[in-house]
Amino acid sequence: MPSRNGEVFGELIQLLQGYNVEIRSDAHRAKLLRDARYFHLKGLEQKLIPYEISYNLNRQQSEILVRLEDIRQSGVSFNPDKFASDSESESVSGAQSTGFSPNGLSAASPAPSTASSSAVFRAGYVSYARPYTDDHANSNVLVLEISTGETTSLYLPRCGPRASPSGSLNVNLRATFYNSTLARVTSLFSVVASKMGLPATQPLGLMYLQSGGGVAAQPVSPANSGVSERRVRVRLDTDCALEIDGAAAELGMDGETGCIGIRRIGRERDEWVWGGSKVGDDDASHLRAYDQEAEVEWTVKRAHWRIRVEPTESDGEGSRRMQVILCGVKLEAFTVERTRNSARGFLR
């Protein structure tokens with residue numbers, strides 16, 4: 001066709017014929033993807049998107065690393081945790097949903113559950129298989145990459161919590177998203193809820209779309225997905241690879257205070273950047289109420305997340321619901337604007 005590049009089209013033909021084509025740069029990959037989408041070569045498109053499939057020996061599971069913008073609804077599934085007594089071998093999934101969102105995911109209300117209530121309230125991880133390409137019967141645990149610059153804020157309490165008696169080190173935080181990342185995260189969470197067969201949480205469903213009521217009147221927010229609040233739950237543990245202000249860091253516990261925190265590593269003396277020995281007065285319980293409620297806000301530059309879904313604690317009436325938790329795999333964040341400014345280069 002006159003409007004398309006003949007060289008790029010020739011490389012697409014080679015790929016369709018089974019030959020390998022060397023991806024020379026990100027710009028070259030973008031050209032191939034652009035024309036694959038133009039010609040509706042969906043299977044080829046999925047082979048061209050950046051991804052990585054690997055086997056995690058420590059976790060005894062296969063994982064797939066995919067960018068948020070490349071996730072497609074049909075590849076998402078939910079696999080509940082397995083127990084020794086389990087005979088189940090299939091993941092819980094709901095009916096297909098309809099609608100449109102910026103990354104091709106459905107943002108419709110979740111379909112009615114087709115699974116038993118005991119299965120619905122089982123914790124587990126979200127899995128993914130590339131449409132038209134991967135074996136959906138053996139999908140991989142999804143590791144989600146969010147690498148769009150400065151679209152994620154991470155909120156930490158002013159003081160680090162005390163380590164649990166069990167000795168496990170992890171912290172539960174909150175995150176918010178912005179711009180297109182917010183829309184894509186909200187849409188992905190809605191798809192997860194639909195695949196799990198969770199009931200819709202919006203009171204009017206899709207009945208008033210034409211009049212601008214119901215779902216159409218709701219703001220774009222994870223809180224409208226049915227499996228999250230406005231601020232998304234985040235969990236970090238000692239396995240999470242951290243880079244704070246350009247320096248390697250780790251989650252640890254201060255031996256004197258017994259508080260969990262994040263400290264820089266690789267130096268003569270470890271330096272706490274949050275929590276740990278930083279408890280203000282002698283103990284966090286002595287802080288003024290205002291100080292206890294104060295938050296520290298970090299900007300996440302890039303991150304890898306596993307998506308876990310767990311039941312919340314029962315409320316006073318005994319009801320429960322499922323909630324998404326983003327489990328940190330790798331995070332790059334900065335705590336002060338100076339770090340961002342120093343990384344900016346001069347124009348040439």
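The values are calculated or read from the model by the stated rules, or taken from the named source; none is laboratory data. Because the structure is a prediction, the values reported are computed rather than measured. Ideal geometry is used to build each Cβ from the backbone, glycine not excepted, and the neighbour counts take in all protein chains shown.
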Exercise. For the stretch 59-71, enumerate the residues that are surrounded by 20 or more Cβ atoms within 10 Å (Cβ to Cβ) and touching a helix residue (DSSP H, G or I) at 6+ places or on another chain (Cβ under 8 Å).
Key: L68, I71
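Within the stretch 227-240, does at least one residue satisfy the condition of being hydrophobic (A, V, I, L, M, F, W, C), modelled with pLDDT of 95 or more and either assigned to a helix (DSSP H, G or I) or under 19 Å from C159 (Cβ atoms) (or both)? Give the derivation first.
As a first pass, look at the stretch 227-240 and keep what is hydrophobic (A, V, I, L, M, F, W, C): 227, 232, 234, 236, 240.
Next, from what is left, pick out any that are modelled with pLDDT of 95 or more: 232, 234, 236, 240.
Then drop every residue that is not either assigned to a helix (DSSP H, G or I) or under 19 Å from C159 (Cβ atoms) (or both), which leaves 234, 236.
Within the stretch 227-240, one or more residues are hydrophobic (A, V, I, L, M, F, W, C), modelled with pLDDT of 95 or more and either assigned to a helix (DSSP H, G or I) or under 19 Å from C159 (Cβ atoms) (or both).
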Exercise. Would you mention how many residues in the stretch 162-187 are touching a strand residue (DSSP E or B) at 6+ places or on another chain (Cβ under 8 Å), surrounded by fewer than 16 Cβ atoms within 10 Å (Cβ to Cβ) and either assigned to a loop (DSSP other than H, G, I, E, B) or of a type in the set (A, V, I, L, M) (or both)?
Key: 2
Quiz prompt | Identity of the residue in the stretch 1-50, over 27 Å from the mean Cα position of the chain (by Cα), of a type in the set (S, T, Y) and surrounded by fewer than 13 Cβ atoms within 10 Å (Cβ to Cβ), that ends up farthest from A129 (Cα to Cα) | solution = S3
Quiz item: Is it fair to say R230 is crowded, with 20+ Cβ neighbours inside 10 Å, under 26 Å from the mean Cα position of the chain (by Cα) and farther than 21 Å from V143 by Cβ?
Solution: no
